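Undergrad: Structure below; questions to follow.
The values are calculated or read from the model by the stated rules, or taken from the named source; none is laboratory data. Predicted, not measured: the structure shown is a model, and the values here were computed from it. Here the Cβ positions follow ideal geometry from the backbone for every residue, glycine too, while neighbour counts run over all protein chains shown.
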Amino acid sequence: MSDYPFLSSAFLDSLEHSGSVGPDTGWLPAHVRLEDAPDNSAFMPTYVKTHSWGEYVFDWAWADAYQRNGLDYYPKLVSAIPFSPATGPRVVFNGQGDRRQVCQNLFQQVRELADEQRAHSWHLLFPDADTLDWFQHPELMLRTGVQYHWLNRGYESFEHFLAGFASRKRKMVKRERRRVGEQGIDVELLAGSAIDPELWRFFYQLYQSTYRKRSGNGGYLSQAFFLQLGASMADNIAMAVARKQGQPIACALYFHGDDTLYGRYWGCAEEYDFLHFELCYYQGIEYAIQRGLQRFDAGAQGEHKIVRGFEPLATHSLHWIRHPGFATAIGDFLDRETVEIKRYIEQAKSALPYKQEEQIPS
């Protein structure tokens with residue numbers, strides 16, 4: 001079983017039991033399972049979608065093109081972790097059968113499910129390299145995106161990490177961290193078991209406030225979801241908490257497995273200089289170094305991460321489009337988009353803060 005936290009039954013069950021996914025959310029669980037033989041037993045989280053929110057692989061233009069041509073784009077099928085653009089496995093294997101064949105069988109079941117649901121497409125979002133390989137099929141199109149991840153190159157401390165920066169960028173980070181303290185703010189990072197229900201409720205208020213600022217709604221996840229996570233996934237959770245005069249003013253939530261830290265949600269009661277960077281990036285880097293974690297996935301988007309040591313890396317998704325004409329058109333688009341994404345990644349590497357002799361190779 002993978003240590004990837006978002007594929008655990010605790011995480012997926014919390015989404016469903018809290019009402020964060022379900023018939024009224026546009027995320028209807030329709031999980032795909034193989035149970036025909038013990039060696040081929042497998043599970044893949046799958047949802048019937050009636051919109052494209054909460055996916056972070058943006059296909060709005062595809063939906064618009066369908067509409068302009070008088071066709072329905074929804075419903076569609078999505079195999080993904082709802083609201084979590086974190087690369088990782090997408091299948092739980094319960095047997096010892098050939099994993100490539102198991103995944104091909106899962107794809108066949110997906111197409112049968114698409115027939116039952118009258119779905120027009122299927123999208124496998126943010127799979128890891130093994131999953132991509134196992135799902136290779138002539139009808140599946142590859143899409144490439146980009147995120148910014150911090151990689152642990154054997155650092156012994158945060159200062160050791162900064163030592164590899166060019167002088168000006170190193171001073172920038174130190175100045176940002178110092179400024180947080182100058183505003184009278186204390187920061188600590190709590191293990192999941194130390195996060196009490198009152199702090200979870202405060203965090204949920206911040207989560208809602210952050211989403212209202214961004215999109216005018218209170219976010220996808222319910223308060224019950226976070227409270228359930230605190231009870232069922234404490235060993236996989238940490239929270240950076242900022243306090244002023246003893247009162248919490250901001251929080252950032254992390255998940256982790258054996259080798260990767262995932263930064264997911266944050267919020268603040270008031271705006272403070274560089275507090276976002278401290279809670280969402282620098283605290284996470286320190287935590288990853290302390291625990292010997294090899295990677296820190298701080299979430300989607302955010303070019304400002306690059307100058308703070310987060311490297312631009314390719315992400316992927318696979319797409320099955322039922323309509324032959326649109327499959328051809330989308331395939332042509334993806335070919336062109338991939339060229340531009342790869343060009344961007346190479347250009348973005350030039351903005352990394354490391355000393356010239358330590359620049360990341362292409």
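Undergrad: Identify the residue in segment 226-258 that is touching a residue at least 40 places away in the same chain (Cβ under 8 Å) and part of a loop (DSSP other than H, G, I, E, B) and, among all such residues, is surrounded by the fewest Cβ atoms within 10 Å (Cβ to Cβ).
TA: Per the stated criteria, the residue is Q245.
Undergrad: Being under 22 Å from A80 (Cα atoms) and touching an Asp or Glu at 6+ places or on another chain (Cβ under 9 Å), is that true of even one residue in segment 345-357?
TA: no
Undergrad: Does D98 count as surrounded by fewer than 18 Cβ atoms within 10 Å (Cβ to Cβ) and over 15 Å from S121 (Cα atoms)?
TA: When the stated conditions are applied, D98 passes them.
Undergrad: Can you find a residue in segment 90-97 that is modelled with pLDDT under 95, closer than 22 Å to F225 by Cα and not aromatic (F, W, Y)?
TA: The answer is no; no qualifying residue exists.
Undergrad: Then there's this: Being without any contact (Cβ under 8 Å) to a residue 60 or more places away in the chain and closer than 16 Å to P45 by Cα is the filter; apply it to segment 108-133 and report the residue that is surrounded by the fewest Cβ atoms within 10 Å (Cβ to Cβ).
TA: Among those residues, the one meeting the criterion is E112.
Undergrad: Moving on to the next point. Just name the residue that is nearest to N236 (Cα to Cα) out of those in segment 258-290 that are out of contact with any strand residue (DSSP E or B) (no Cβ under 8 Å at 6 or more places or on another chain) and at pLDDT below 95.
TA: D258
Undergrad: Determine, yes or no, whether V180 is β-branched (V, I, T), touching a residue at least 60 places away in the same chain (Cβ under 8 Å), buried (at least 20 other Cβ atoms within 10 Å of the Cβ) and not in a loop (DSSP other than H, G, I, E, B).
TA: So V180 fits the description; yes.
Undergrad: Still on this structure: Can you tell me which residue among V57, V32 is surrounded by 19 or more Cβ atoms within 10 Å (Cβ to Cβ), assigned by TED's automatic domain parsing to the domain that holds F326 and in contact with a Lys or Arg (Cβ under 8 Å, 6 or more places away or on another chain)?
TA: V57 is the lone residue from the list that is surrounded by 19 or more Cβ atoms within 10 Å (Cβ to Cβ), assigned by TED's automatic domain parsing to the domain that holds F326 and in contact with a Lys or Arg (Cβ under 8 Å, 6 or more places away or on another chain).
Undergrad: I need the full set of residues from segment 53-77 which are closer than 15 Å to F126 by Cβ and either in contact (Cβ under 8 Å) with a residue 12 or more places away in the chain or in contact with a strand residue (DSSP E or B) (Cβ under 6 Å, 6 or more places away or on another chain) (or both), in order please.
TA: Across segment 53-77, the qualifying residues are G54, E55, Y56, V57, D59.
Conditions (1) assigned by TED's automatic domain parsing to the domain that holds H137; (2) outside any helix (DSSP H, G or I); (3) buried (at least 16 other Cβ atoms within 10 Å of the Cβ), marked per residue:
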{"position": "E271", "(1), (2), (3)": "no, yes, no"}
{"position": "Y281", "(1), (2), (3)": "no, no, yes"}
{"position": "G299", "(1), (2), (3)": "no, yes, yes"}
{"position": "K305", "(1), (2), (3)": "no, no, yes"}
{"position": "L318", "(1), (2), (3)": "yes, yes, yes"}
{"position": "G331", "(1), (2), (3)": "yes, no, no"}
{"position": "E340", "(1), (2), (3)": "yes, no, no"}
{"position": "Q347", "(1), (2), (3)": "yes, no, no"}
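Undergrad: Which condition number does S209 fail, the rest of (1) small (G, A, S); (2) out of contact with any helix residue (DSSP H, G or I) (no Cβ under 9 Å at 6 or more places or on another chain); (3) outside any helix (DSSP H, G or I) being met?
TA: (3)
Undergrad: Further, regarding this structure: Checking the conditions here, which among V110, V78 is outside any helix (DSSP H, G or I) and under 25 Å from G325 (Cβ atoms)?
TA: Sole residue among the options that is outside any helix (DSSP H, G or I) and under 25 Å from G325 (Cβ atoms): V78.
Undergrad: Shifting gears a bit: Determine, yes or no, whether W27 is surrounded by fewer than 20 Cβ atoms within 10 Å (Cβ to Cβ), more than 21 Å from L334 (Cβ to Cβ) and touching a Phe, Trp or Tyr at 6+ places or on another chain (Cβ under 8 Å).
TA: No, not satisfied.
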